[in-house]
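The values are calculated or read from the model by the stated rules, or taken from the named source; none is laboratory data. Model, not experiment: these values are computed from the prediction. Glycine gets a Cβ as well: all are built from the backbone with ideal geometry, and neighbour counts include every protein chain shown.
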Ligand SMILES: [Zn+2]
């Protein structure tokens, strides 16, 4: 089967993982800018990271016939230091202009703090000014529902943002309904050792349907699996869903959402 992983952190993966993706049918990936597992100490460190996302990874992926796209933004975990945040935000336009940058992301909230909200507000304004797609990171655990609601209210208060150009990621059963009702796309992340199993994701598909849904591995430097979307596709197939529905969730949907950026071409 052909599949797209719309959320995977390849800077943290080995070159062998690119080979595994290629021989498994995942020929297109999108990598959001995120936390590196530690807090960066300067804007230069972010500049190097954005350079890696927009130049180094596309070249590394191309060796295996994989198209690598990215999202550029300041993640919420590093948004507490407002002076540093200002310097990083000033870097974003240069990298958003790059030919493989699809939009602003993953931006959002982590602890729902005042500073995180202030930095998110600025990045949403930048998305409006530049007519960018938006990829939203939602908080984990007990902060998720509250944070998702704060983010949706912020976006809905800006009428120039079309919710169909926004994907709210790391959605779970208690947030999917509200995200869909507000017109947004939603993402579900598969985690090998915790909550987000393939079985649970397909349970949600059976409740909420396949429209405006993207399933991703979010594979990064921590315990994760770059082929998890294929295991999830297999679970969907095992339960008797038709191949057309599997293809929709794992290929046509991410292609449809990401193609709203004219730079995107799925292979
Ligand atoms: Zn991520």
Next item on the list: Taking only segment 1-30 into account, find how many residues are within 16 Å of the ligand (Cβ to nearest atom) and either modelled with pLDDT under 95 or in a strand (DSSP E or B) (or both).
Entry: 4
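If I go through segment 41-50 residue by residue, how many of them are surrounded by fewer than 21 Cβ atoms within 10 Å (Cβ to Cβ) and either free of Cβ contacts under 8 Å to residues at least 24 places away in the same chain or within 16 Å of the ligand (Cβ to nearest atom) (or both)? If you could, list the steps in order and put the result at the bottom.
First, pick out the residues of segment 41-50 that are surrounded by fewer than 21 Cβ atoms within 10 Å (Cβ to Cβ): 41-45, 47-49.
Imposing the further condition that a residue be either free of Cβ contacts under 8 Å to residues at least 24 places away in the same chain or within 16 Å of the ligand (Cβ to nearest atom) (or both) reduces the set to 41, 44-45, 48-49.
Within segment 41-50, residues that are surrounded by fewer than 21 Cβ atoms within 10 Å (Cβ to Cβ) and either free of Cβ contacts under 8 Å to residues at least 24 places away in the same chain or within 16 Å of the ligand (Cβ to nearest atom) (or both) number 5.
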Next item on the list: May I ask you to say which residue of 93, 99 is modelled with pLDDT of 95 or more, surrounded by fewer than 16 Cβ atoms within 10 Å (Cβ to Cβ) and either in a loop (DSSP other than H, G, I, E, B) or under 18 Å from the mean Cα position of the chain (by Cα) (or both)?
Entry: 99
Note to self: Restricting to segment 121-160, name every residue that is touching a strand residue (DSSP E or B) at 6+ places or on another chain (Cβ under 6 Å) and over 19 Å from residue 180 (Cα atoms).
What the structure shows: 123, 127, 132
Check: Here are some residues: 207, 179, 168, 202. Which one is modelled with pLDDT of 95 or more and within 14 Å of the ligand (Cβ to nearest atom)?
Finding: 168
Margin query: Restricting to segment 51-68, and then to whatever is more than 20 Å from residue 87 (Cα to Cα) and within 16 Å of the ligand (Cβ to nearest atom), can you tell me which residue is farthest from the chain's Cα centre (by Cα)?
Written below: 57
Margin query: Within segment 144-165, take every residue that is within 16 Å of the ligand (Cβ to nearest atom) and modelled with pLDDT of 95 or more and give me the one that is surrounded by the fewest Cβ atoms within 10 Å (Cβ to Cβ).
Written below: 147
Check: What residue, among those in segment 164-176 that are touching a helix residue (DSSP H, G or I) at 6+ places or on another chain (Cβ under 7 Å) and part of a helix (DSSP H, G or I), is farthest from residue 258 (Cα to Cα)?
Finding: 174
Notebook entry, point to check: Can you name the residue in segment 59-89 that is assigned to a helix (DSSP H, G or I), in contact with a helix residue (DSSP H, G or I) (Cβ under 8 Å, 6 or more places away or on another chain) and free of Cβ contacts under 8 Å to residues at least 40 places away in the same chain and is also surrounded by the fewest Cβ atoms within 10 Å (Cβ to Cβ) among such residues?
Noted result: 82
Next item on the list: Please enumerate the residues belonging to segment 182-199 that are in a loop (DSSP other than H, G, I, E, B), in contact with a strand residue (DSSP E or B) (Cβ under 9 Å, 6 or more places away or on another chain) and either within 16 Å of the ligand (Cβ to nearest atom) or without any contact (Cβ under 8 Å) to a residue 24 or more places away in the chain (or both).
Entry: 183, 190, 196
Item checked: Failed condition for residue 141, given (1) in contact with a helix residue (DSSP H, G or I) (Cβ under 7 Å, 6 or more places away or on another chain); (2) surrounded by fewer than 17 Cβ atoms within 10 Å (Cβ to Cβ) -> (1)
